[in-house]
1. From the list GLU69, GLU51, GLU22, GLU57, which one is touching a residue at least 60 places away in the same chain (Cβ under 8 Å), farther than 23 Å from GLY112 by Cα and not hydroxyl-bearing (Ser, Thr, Tyr)?
2. Could you list, in sequence order, the residues of region 239-294 that are over 25 Å from the mean Cα position of the chain (by Cα) and either outside the structural domain of VAL313 (by TED's automatic domain parsing) or touching a residue at least 60 places away in the same chain (Cβ under 8 Å) (or both)?
3. Given the options ALA146, ALA169, name the one that is small (Gly, Ala, Ser) and either closer than 18 Å to GLY306 by Cβ or without any contact (Cβ under 8 Å) to a residue 24 or more places away in the chain (or both).
4. Can you tell which of GLY310, GLY343 is at pLDDT 95 or above and either over 16 Å from LEU233 (Cα atoms) or over 20 Å from the mean Cα position of the chain (by Cα) (or both)?
5. Tally time: how many residues in region 3-30 are crowded, with 19+ Cβ neighbours inside 10 Å, among the polar types (S, T, N, Q) and farther than 20 Å from VAL138 by Cβ?
6. Find the residue count for region 337-393, including only residues that are loosely packed, with under 14 Cβ neighbours inside 10 Å and under 17 Å from LEU219 (Cα atoms).
7. Restricting attention to region 185-222, report how many residues are among the β-branched types (Val, Ile, Thr), surrounded by 16 or more Cβ atoms within 10 Å (Cβ to Cβ) and over 21 Å from the mean Cα position of the chain (by Cα).
8. So, PHE225, is that one surrounded by 22 or more Cβ atoms within 10 Å (Cβ to Cβ), modelled with pLDDT under 95, farther than 30 Å from SER386 by Cβ and among the hydrophobic types (A, V, I, L, M, F, W, C) or not?
Amino acid sequence: MTDRGRVLVLATTFPRWRSDSEPPFVWELTQRMQDRDFACTVLVPHAPGAETDEKWEGVHIQRFRYAPEPFERVCYNGGALPNLKSSWKARLALPGLLLQQRSWVRELVRSGRFDLVHSHWVIPQGYWASQVCPRRGVPLLLTAHAGDVFGIKGPLRWAAKKALEGATAVTANSQATAEAVTGINPGVTPVIIPMGVDLEAFGVLADHQRIDLEGSPSLLAVGRFAEKKGFHLLIDSMPTILQDLPEAHLHLVGFGPWEERLRSQTGRLNLQDRVTFHGSVPHDQIAPYFAGANIFVQPSLRDAGGDREGLGVTILEAMASGVPVVASRSGGITDVIEEGVHGILVEPGQALDLAEGVKRIWKTTDREEMVQNARTRVQESFSWTSVADRFASLYSKLLG
């Protein structure tokens, strides 16, 4: 029974099909809102091979077309900003995406079918919604994640400011993201609500459920192959790590526009036998990789455009899985990890510091205590149950 309100969810990152490797957090939250009796419809850009109109567990998913299929390359496979930098097809298709998204948002809001609009990312979809929701008397909730507020300039910053002005409420996934929001529009006070972790999917697995990752220690990094993830620094750190830990092996799970660059870097450093690229792994199959790792590494940094890590959901998944974590002090990561308590924090952009962090956590006698502290922190503050409850409360408040 879905009678608490009809919600239109807007996003640009969303699973294209079941068992996709795209980050699933918008879907994870939306299905939990559906379970809490909100009738949800999701509007996202189409992607090659995806359905244009379907239902998942009662959630209506509408994917709008914006270019001939070979050119629908703006979103997915690494994120819009990296794709636009690396793909001429994506740049050609961008105007079509913006025009079609604007048209769809206006039509759906004006249809009277929705009581609330929840836009993940402030721009571009939040901007289009801010131009129509106030006029139709429909509450607009904006959720800032990272690239929509970090480092944006010129027309993008103006559009983000206008979107924030038109919002009924704003949430941010971390303190760093919230500060970026207020830097764009000082009149806005975001509510900090992180994205969550499925504690049933990520936990301590039995030995037969784990992926056997080579190395002692086996190092794991998971995410999009884009500059802000810092995987190039992690590869750079491997020769230093191997000096003290000669059996170490790095495992990279992910995809994105920097993949060829990372593979070439691995070859230049003669690390082909010490670095394994596992490719794109569906999110519902990633937990065994966490379970099979000795150390999880998240070397995020501020990229050339000013983008940073909004929160670091993969860090939360590693913590829930009982894997020791080494991460950089970048963006929202400091909301998750307290140095020496839940893991090791290093300075972003420093390969030598990253290597020292890996060696330190492998040799410290406090590693198991950090692991237990980290799991407790995720269970208490970052479970999807608690996150969804907070969003449900905010939905109800906005719906009156």
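1. GLU22
2. THR240, ILE241, ASP244, LEU245, ALA248
3. After applying the criteria, what remains is ALA146.
4. Values: GLY310 fails: at pLDDT 95 or above.
From the options GLY310, GLY343, the qualifying one is GLY343.
5. The total comes to 3.
6. 3
7. Number of matching residues: 2.
8. Taking the combined requirement at face value, the residue satisfies it.
The values are calculated or read from the model by the stated rules, or taken from the named source; none is laboratory data. Being a predicted model, the structure only gives us computed values, none of them experimental. Counting neighbours? That spans all protein chains shown, and the Cβs are built from the backbone with ideal geometry, glycine included.
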